[in-house]
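The values are calculated or read from the model by the stated rules, or taken from the named source; none is laboratory data. Just so you know, these numbers come straight off a predicted model, no measurement behind them. Positions of Cβ are generated from backbone atoms using ideal geometry, with glycine treated the same way; all protein chains shown enter the neighbour counts. Protein only, heavy atoms only, side chains kept; ligands, DNA and RNA dropped before computing areas. Shrake-Rupley method; radii C 1.70, N 1.55, O 1.52, S 1.80 Å.
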Amino acid sequence: MLHLPAPAWPAWLEKLAPFERYRVELGARGPASALGLHVMEATVPATGGSAAGASEAEAEVPVLCLHGNPTWGFLYRRVAAELGRAAEPSAARTPPLRLYLPDLPGLGFSDRPGGREAHTLERHIGWMATLLEALGHERLVVVVQDWGGPIGLGALDAVRPRAVGLVVLNTVVGPPRPGFRPTAFHRFARLPVVSDVAFRLLGFPQVALGLAQGDRQSIRGEVARAYRYPLRHLGDNAAPLALARMVPDGLAHPSVAPLVRCQSYVERFGGPAAIVWGDRDPVLGRVRGRIEKLLPGAPVTRTRAGHFLQEEVPDLIAAAIRGVARELAAR
């Protein structure tokens with residue numbers, strides 16, 4: 001995979017996210033046009049257990065961490081830090097990990113694909129499938145949250161790596177049920193004029209991410225500034241409203257068909273999996289039961305975190321990633 005120079009960013013942001021960074025040029029795939037994707041990367045050495053008997057060439061387990069709306073790969077920086085902490089010698093050995101933290105198209109420092117009409121679930125799945133092919137890993141752990149769930153699962157279904165582990169955070173993995181009612185947030189996103197003013201001119205929802213948290217103080221100061229920074233210009237901030245409107249408001253919505261495929265993929269899934277959930281998420285907190293039914297063998301860690309639980313319980317997410325990576329490596 002050819003690495004091109006990453007977009008420039010300020011020193012204060014470099015301090016918060018000190019990762020290797022690069023840009024990947026993704027070719028067109030299906031309805032997805034060509035564009036550049038910003039990716040952050042980190043290597044985590046093996047932890048825990050005894051190094052005795054471990055191969056010097058112990059294979060890394062790739063871990064692809066996918067965010068949603070309106071964040072970017074920065075959301076996983078605390079999880080990456082937890083994974084890098086030294087474990088107790090008595091802890092189970094976790095193989096070395098290679099973390100990939102991409103920004104979804106239209107968010108973070110990835111290219112803007114165009115106006116709101118450019119953002120469809122099919123296109124986002126196509127872009128992520130192209131990244132999976134570019135990475136070239138036949139086995140990997142995929143961590144999904146928010147829109148990262150349907151996008152990542154759809155891409156896995158399209159590419160079909162040989163062995164996959166899943167860590168599922170607050171997300172959906174299937175279509176809405178008949179008679180469903182969209183959340184207040186998503187109904188607001190479809191109001192004419194008012195939603196455009198709020199999202200495009202006032203920077204909603206990235207200016208108010210703390211309201212979706214169990215601990216509203218978990219996103220503030222420079223962290224809150226880091227979420228606002230990539231979307232600070234009017235010409236660059238079409239994605240949050242587009243992704244909000246990508247959520248179905250009826251069973252005829254164009255996102256429904258790919259969501260059906262995502263659920264089918266999960267129903268057939270036979271790899272290691274874990275669920276970590278923020279029960280105080282005002283948008284997806286109640287969806288946990290449906291995810292549990294679709295992944296009946298996956299251990300479930302319930303927390304009092306909110307929607308962006310990576311900011312509140314990174315240690316629990318890191319523990320789930322280690323567990324799934326160990327199981328995947330043992331297969």
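Results, tabulated for the structure shown:
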{"item": "Protein accessible area in the stretch 214-331, 1.4 Å probe - carbon and sulfur %", "result": "49 percent"}
{"item": "Computed over the stretch 168-261, Cα set: Rg, Dmax in Å", "result": "14.9, 42"}
{"item": "In the stretch 184-267, the trypsin sites (Lys or Arg not before Pro) that fall in loop regions by DSSP, at most 10 other Cβ within 10 Å", "result": "none"}
{"item": "Cα gyration tensor of the chain - equivalent ellipsoid semi-axes, whole Å, descending", "result": "29, 22, 20"}
{"item": "Descending Cα extents along the principal axes, the stretch 252-331, whole Å", "result": "40, 35, 18"}
{"item": "Cα-based Kirkwood hydrodynamic radius, the stretch 101-177, one decimal, Å", "result": "13.1 Å"}
{"item": "Net charge contributed by nearby residues that have their C-beta within less than 15 Å of GLY221 (K/R +1, D/E -1)", "result": "+4"}
{"item": "Charge sum, other residues only, whose C-beta stays under 12 Å from VAL324's C-beta, Lys/Arg counted +1 and Asp/Glu -1", "result": "+3"}
{"item": "Distance histogram for the stretch 93-229 (every C-alpha pair counted, 5 angstrom bins, percent rounded to whole numbers)", "result": "2, 8, 13, 19, 20, 17, 12, 6, 2, 1, 0"}
{"item": "Value of Rg to Rh for the stretch 239-280 (Rh from inverse mean 1/r over Cα pairs, i.e. Kirkwood)", "result": "1.08"}
{"item": "Within the stretch 14-123, GluC sites (Glu not before Pro) in DSSP loop having at most 15 other beta-carbon neighbours inside 10 Å", "result": "GLU56, GLU58"}
{"item": "Once the Cα gyration tensor of the stretch 61-130 is diagonalised, semi-axes √(5λ) in Å", "result": "32, 12, 8"}
{"item": "DSSP-defined antiparallel bridges as percent of all bridges, the chain, nearest 5", "result": "40 percent"}
{"item": "Among ASN170, VAL197, TYR76 the positive-end extreme of the charge dipole of the chain (Cβ point charges)", "result": "VAL197"}
{"item": "Apportionment of accessible area to carbon and sulfur, the stretch 24-104, percent (1.4 Å)", "result": "52 percent"}
{"item": "For the stretch 24-128: accessible area per residue (Å², 1.4 Å)", "result": "35 Å²"}
{"item": "Directionally averaged projected area (convex hull, Cα atoms, the stretch 195-331), nm²", "result": "10.1 nm²"}
{"item": "Where the stretch 189-331 is the region considered: accessible area per residue in Å², 1.4 Å probe", "result": "45 Å²"}
